[in-house]
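Each remark here refers to the structure printed beneath this line.
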Amino acid sequence: MSRVYEPTDHVVEKSLLPSFEQYQNMHKESLEDPESFWSELANEFYWQTPYQRGNIVSYNFNVDAGRIFVRWLEGSRTNICFNVLDRNVRNGLGERIAFYWEGNHPEDYSRITYMKLMDLVCQFANGLRERGIGKGDRVSIYMPMILETVVCMLACARIGAVHSVVFAGFSSDSLSERMSDCKAKAIVTADGAWRGEKLLVLKNTCDEAIQKARDKYNHYVDMCIVVPHLDRVTPCGKIPDDVKTLYKWNEDVDVWWHDIVEGMSTICPPEWLTPDDPLFMLYTSGSTGKPKGVLHTTAGYMLYAAATFRYVFDHREKDIYWCTADVGWITGHTYVVYAPMANAATSVMFEGTPFFPDNDRFWAVCEKYKVTQFYTAPTAIRALTKFGDEMVKRHNLDSLRVLGSVGEPINPEAWLWYYNVVGQGRCSIVDTFWQTETGGHVLTSLPAATPMKPGAAGFPFFGVEPTIIDENGRVIEGVGEGYLVFARPWPGIMTSLYQDHNRYEDVYFRKFPGYYCTGDGARRDEDGFLWVTGRIDDMLNVSGHLMSTAEVEGVLTEDSNVAEAAVVSKPHPVKGESLYCFVILNEGAKFDADLIDSLKKRVRSRIGAFAAPDVIQHAPGLPKTRSGKIMRRILRKIAQGDKNVGDTSTLADPSIVDMLFLTRR
Ligand code: ATP
Ligand code: MG
């Protein structure tokens, strides 16, 4: 039984949603009368044409009954860029800061108001239109975390062009594949950027990708728009006096950002989009295989982004919110750009890494801007615990109220550290479970309204009705564990995979007709908390006992020597499957027979004798996606000694794979 943490007065006082009862009532209403629930929120936004009353949503989730579709707010026309900029300015908030930009180097920072951002977006949007980009055209974005990235996304949204952001850590192969797949007309990038002391010459990667797109996919990109970023920031390592010598310039394709906006008007009529018009596409992280080009549309996504942000972060007027995710991921789309802006929030946008110039950068930035809500990933939290509490304690973090986690299940050890050390035992933790596909949070705690358990995602957000079913599609009521599925849509859910509706139906709807299948497992406990147990593919069945990898990993990381753990199954002649565990140790810890023994004992006593690991391997690092998630399918191959590891293009550091084969036991 895990301890239940109740929200403290620090969080509950002045909260938008201060009680569990209120959450329950609202949740009930959102399911029983979605029309009244969502139309109330819709009234806050600008609709060029309102939706047809009585038609808030139509959908089919049953593959056996015909084509899968979801349509929210049928008949409506709106524009998200207009809603997050012009609407706020018209409401008198033009002078409010939209973003504090904090560069990789602590001396580089700036800020921008809603009004100024609107002007820049309109100019850039006009520039794109002038160069022949319009509604339905795809624009790839391969950018560092700079304000132009936001400008570019919003400018696309304004003119109905479909942005496809590719995380600027991907290789030219991955970029060329993604921009060819969506037939991007243009790509927007920067000359380069610093990540810590490492210089990334993004322009070169783009050039290679453009070349590869031609050679390999016969796809020609018309235009490569380049932001000259390097000259305006403090160098964090060696760099030539003339940064332009770092890359080539191709007159046929390349154009400077400032040449696009020069002379452009700050007035730009938006394109009014229907619920069938695409807003953006984004490839999933690629943790489990070939990335999927998830497609989102405007109306439902906008409402859902706005609502989740407001309630999950309990957003208030003077808050300073900071989400550390890169815009290359869905978290960056929804919770760096669209959702905070839909609430006229003031955010921090951060270009750097948690480790530069020192390992306390996150806390220094929280202190500098008096951040009230801080949102990051378990992988970052685990990495930072390694440097000790003092790194956190040297900063004044009294402004913090809500701490968010996203991307993977957070192990209870990391949760407790986040809660006690970063949050000083008085902030609420929101462990937000969601996917690129869901558009926004679907399971989460709410800061002042729901109690918390370390490692549990908590409760469904408004409009979300989670179902847990077993392998045979039988619904598990009450306490139990199985597949996490949804029988009805909420407004943020994707509408298709880009130009691959068949794959959309196959991947998400075929397994259990009538349900959207997340591919994740979940457990409902005796108090009604939902726990995400990890990918269904990662479930283990040892001698007939079904187990989740997350559970075992949580136990391994309880040991103070272990910084991070990843558990996979290895076929076993008797037990069916056995546990193969990879552990990363904390600084100064020793990997020896005693440690192995005590880890095995710990798992035995905490979970059961059947769960005793067969192998514990010391890992210098783990294969992770560029968004920091552990790729367990590769670890499974290593456990089996099978060198045929498959697609590794989404891996952050492919050399880890060889290293792990070498240290295999
Ligand atoms: P791919 O679909 O290509 O394999 P991916 O699933 O990692 O990649 P994302 O959409 O970025 O791509 O991640 C969503 C997944 O991340 C979820 O399905 C879930 O497995 C995991 N996840 C996200 N947040 C949480 C959370 N709070 N708790 C547990 N798991 C989470
Ligand atoms: Mg996924």
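Values in this text are rule-based calculations from the coordinates and carry no lab data. Keep in mind the model is a prediction, meaning the values are calculated, not measured. Glycine also receives a Cβ, built like all others from the backbone with ideal geometry; neighbour counts cover every protein chain displayed.
For the pair residue 476 and residue 197 in one chain, pulling the backbone fully straight at 0.36 nm per residue adds 95.3 nm over the alpha carbon distance.
The spacing between segment 261-289 and segment 142-204, judged by their C-alpha centroids, is 13 Å. Treating r as the C-beta distance of residue 13 and residue 215 and R0 as 41 Å, the FRET efficiency rounds to 0.10.
Distances between placed amide hydrogens fall under 5 Å for residue 138 paired with 162, 185, all partners being 5 or more residues away or on another chain. The amide H of residue 562, built 1.01 Å from its N in the peptide plane, has 586 as neighbours under 5 Å, considering only residues 5 or more places off or on other chains. Stretched out straight at 0.36 nm per residue, the stretch from residue 208 to residue 647 would grow longer than its current Cα-Cα span by 156.0 nm.
With the simple model of a label 7 Å out from the Cα in the direction of the Cβ, residue 266 to residue 601 spans 7.0 nm. As a rough guide to protection, the peptides 558-564, 238-244 ranked by mean Cβ packing within 10 Å, highest first, stand as 558-564, 238-244. Secondary structure note: in segment 213-356, about 45% of the DSSP beta bridges are antiparallel. Label point of residue 249 set 7 angstrom out along Cα-Cβ; within segment 171-215, amide nitrogens under 17 Å from it belong to 189-192, 202-204, 207. Here the Karplus relation 6.51 cos²θ - 1.76 cosθ + 1.60, evaluated at θ = phi - 60°, turns the backbone of segment 612-626 into coupling constants of 4, x, 7, 10, 10, 10, 6, 10, x, x, 10, x, 10, 5, 5 Hz, with x for every Gly and Pro. Normalising the average separation of contacting C-alpha pairs (under 8 angstrom, six or more residues apart) by the number of residues puts the relative contact order of the chain at 14 percent. Under a point spin-label approximation (7 Å from Cα along Cα-to-Cβ), what is the residue 21-residue 420 distance to one decimal in nm? Between residue 21 and residue 420, the simple spin-label model gives 3.4 nm.
Rank these for me by crowding, 655, 180, going from fewest to most other beta carbons within 10 Å.
655, 180
If only the Cβ of Lys and Arg carry +1 and only the Cβ of Asp and Glu carry -1, the dipole of the chain around its Cα centre is close to 680 debye. Inter-part distance, segment 544-569 to segment 586-665, computed on C-alpha centroids, equals 10 Å.
In terms of surrounding Cβ atoms within a 10 Å radius of their Cβ, 517, 122 rank from fewest to most as 517, 122. Taking amide H atoms as placed 1.01 Å from N in the peptide plane, the amide H of residue 496 lies under 5 Å from those of 295, each 5 or more residues away in sequence or on another chain.
Just to confirm a number: summing +1 for Lys and Arg and -1 for Asp and Glu over residues other than residue 330 whose beta-carbon lies under 12 angstrom from that of residue 330, what do you get? Please list the in-between numbers first.
Working: positive: 292; negative: 326, 437.
That works out to -1.
With a cut-off of 17 Å on the backbone N, the residues of segment 564-578 near the modelled label site 7 Å out from residue 663 along Cα-Cβ are 564-568. Using the Karplus relation 6.51 cos²θ - 1.76 cosθ + 1.60 with θ = phi - 60°, the per-residue 3J(HN,Hα) values for segment 95-112 come to 8, 5, 6, 7, 9, 8, 9, 10, x, 4, 8, x, 7, 9, 7, 7, 8, 9 Hz, with x marking Gly and Pro. Pull out a ≥ b ≥ c, the square roots of the eigenvalues of the alpha-carbon gyration tensor of segment 10-95, then state rounded if a/c is under 1.5, prolate if not and a/b is larger than b/c, and oblate in the remaining case. The shape class here is oblate. If both residues of a DSSP beta bridge must be in segment 565-650, then about 70% of such bridges are antiparallel. Modelled label positions at residue 52 and residue 393, each set 7 Å beyond Cα in the direction of Cβ, lie 6.4 nm from each other. Only lysine pairs 8 or more places apart or on separate chains count here, and in segment 177-219 those with Cα atoms under 18 Å apart total 6.
Applying the Karplus relation 6.51 cos²θ - 1.76 cosθ + 1.60 with θ = phi - 60° to segment 445-458 yields 3J(HN,Hα) values of 8, 10, x, 9, 9, 10, x, 10, 10, x, x, 8, 6, x Hz, where x marks Gly and Pro. Report note on the peptides 129-137, 610-618: ranked by the mean count of other C-beta atoms within 10 Å, highest first, their order is 610-618, 129-137.
Ranked by Cβ crowding within 10 angstrom, fewest neighbours first, how are 351, 40 ordered?
40, 351
Between residue 232 and residue 526, the contour length at 0.36 nm per residue exceeds the alpha carbon distance by 100.3 nm.
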